[in-house]
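One structure below.
Only the coordinates and a few stated rules stand behind these numbers; no lab work does. Fair warning: this is a prediction, and the values are worked out from it, not measured in the lab. Here the Cβ is made from the backbone with ideal geometry for all residues, glycine too, and neighbour counts use every protein chain on show.
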């Protein structure tokens, strides 16, 4: 739970000032006393108009008395051992007792007229809710020029999307901050991004405060810059794993490096490539069509995470050395800076992938729409889209999931698609490195793909199920597209038999099959219609793996019984030696191939006790 939302007893202060400055004495990059002094003693705004709350993480005991000496009687020093800046921000906000809050970072120095400009903006714009301070850079810092250019680039990108608060300095109404729920400190450097998204969702406008600025003390070396980047990426990955998927994607996107990062694990990549190899053995043409999907897994398959992490660390150290120590032209220094930043982010993704895994889907899962499907439960999906108000995601050529299988019963996985008959696009299904016969996959008329899995189809520890689809040819989309899916559901199959291939009115089609999920005996009640021109006798057989299980010979129209004794789970094929197309006989406009009718209402079965067959 966000600590800002937890009830606390707060001591009331003197009549409330206009605003409270919240200064966290962490990551100060120099003297915390020097930075704090710009907020407490160097402002043109009268001291009674604002108060300062300092958040201290207790890591440097010698700082406490020095920090306290700069505070006025209405100010406060709060102590939270080993706290992050977001935790200190939240704690200080609880004690503020002023209509406005101003948050800053420990390494930011306030311009002398900063708070006066903020107060003026508040009084002149009565509708104001949130405002950012301007950010300057200390030219004496080694990375100042690069940081200034970096900040400008990031801010330009934000302008083209949705406005965000700047963690270096922004003011916000206290009641609004409380309503939003404060910072979610679990996300570290990423917490202000989450706060900004929630503000935008509430329709709050983030403005710039004229004349209010801070000086941002930049990192002295690239290693320190990467520390902040890594913390940001860790927060981003954690937020994605915990937040509502539709909300997260709306504001932070669905990049493949983020969405599919568990795929970087060698085990997952190895399973996927092994699945492709299985297909190649039986259908080389299909394997060629899936080459692009296999290529995306090449790094995880051949190198593994550990070697890739080591390689990226080595290259990153070389790039950092070039930036920190070599007299590079500004153009090349900037290029190295961007590459090093991207590599640091990529490295953190790899580190996250080391502990990541595809989450198991529960054995009992009602229809789970794509908008609500938690991240990392299904791997190989693209960003959320909508069609006719219905949310869906395109899959890639390879879709990976880990259903939690029942110990004693078969499990049914239902994937609702928007592509008509998904069986036409399905090439293969691999479970724990073994190909599942496609007879265990069926599709409903509305496009739902149904897979049945036996109790021990996957390894309980890391077994995954791979659906391999034929890539959809596209001319204006660079993505690899499989099928569009709108929901996933899982259930334990309780009946021993399941009939597939019959029509809704009970007529059997030439491809009628029975899914037998356990040893059982059953009686099928069949009806031979009198109005089809059969040449009697009519023979109906049931076969499993080329072995005839039962047969019945009808000498005249009417009801027939077909008694089955099944000693193992598997596919049972029903076939008749005669069938007709009614429309070709002039009987009706029915274009189906019909033979006999199965009355499912009186389908009878008895389970065979284990060990008795």
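Figures for the structure shown
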| quantity | calculated |
| --- | --- |
| Rg to Rh, two decimals, where region 437-519 supplies the alpha carbon set and Rh follows Kirkwood | 1.02 |
| Region 3-218: equivalent-ellipsoid semi-axes (sqrt of 5 x gyration tensor eigenvalues, Cα, Å) | 23, 21, 18 |
| Which of 579, 410 has the fewest Cβ neighbours within 10 Å, and the rest in rising order | 579, 410 |
| The chain: antiparallel DSSP beta bridges as a percent of all, rounded to 5 | 80 |
| Relative contact order, percent, the chain [alpha-carbon distance under 8 Å, six or more residues apart] | 9 |
| Region 538-592 - convex hull of the alpha-carbon atoms, volume per residue in Å³ | 109 |
| Global form of region 115-244, assessed from the alpha-carbon gyration tensor, a/c cut-off 1.5 | oblate |
| Longest to shortest principal axis, alpha-carbon extents of region 360-492, angstrom | 46, 29, 27 |
| Counting DSSP beta bridges with both ends in region 360-492, the antiparallel % (nearest 5) | 95 |
| Calculated log₁₀ intensity ratio I(q)/I(0) where the Debye formula runs over C-alpha points of region 497-607, q = 0.10, 0.15 Å⁻¹ | -0.28, -0.61 |
| Relative contact order (%) - criterion: Cα under 8 Å, at least six apart; region: region 3-218 | 28 |
| Along principal axes, Cα extents of region 160-224, largest first, whole Å | 38, 33, 26 |
| Sequence ranges 331-338, 34-41, ranked by mean other-Cβ count within 10 angstrom, highest first | 34-41, 331-338 |
| √(5λ) per eigenvalue of the Cα gyration tensor, region 24-64, largest first, Å | 22, 11, 8 |
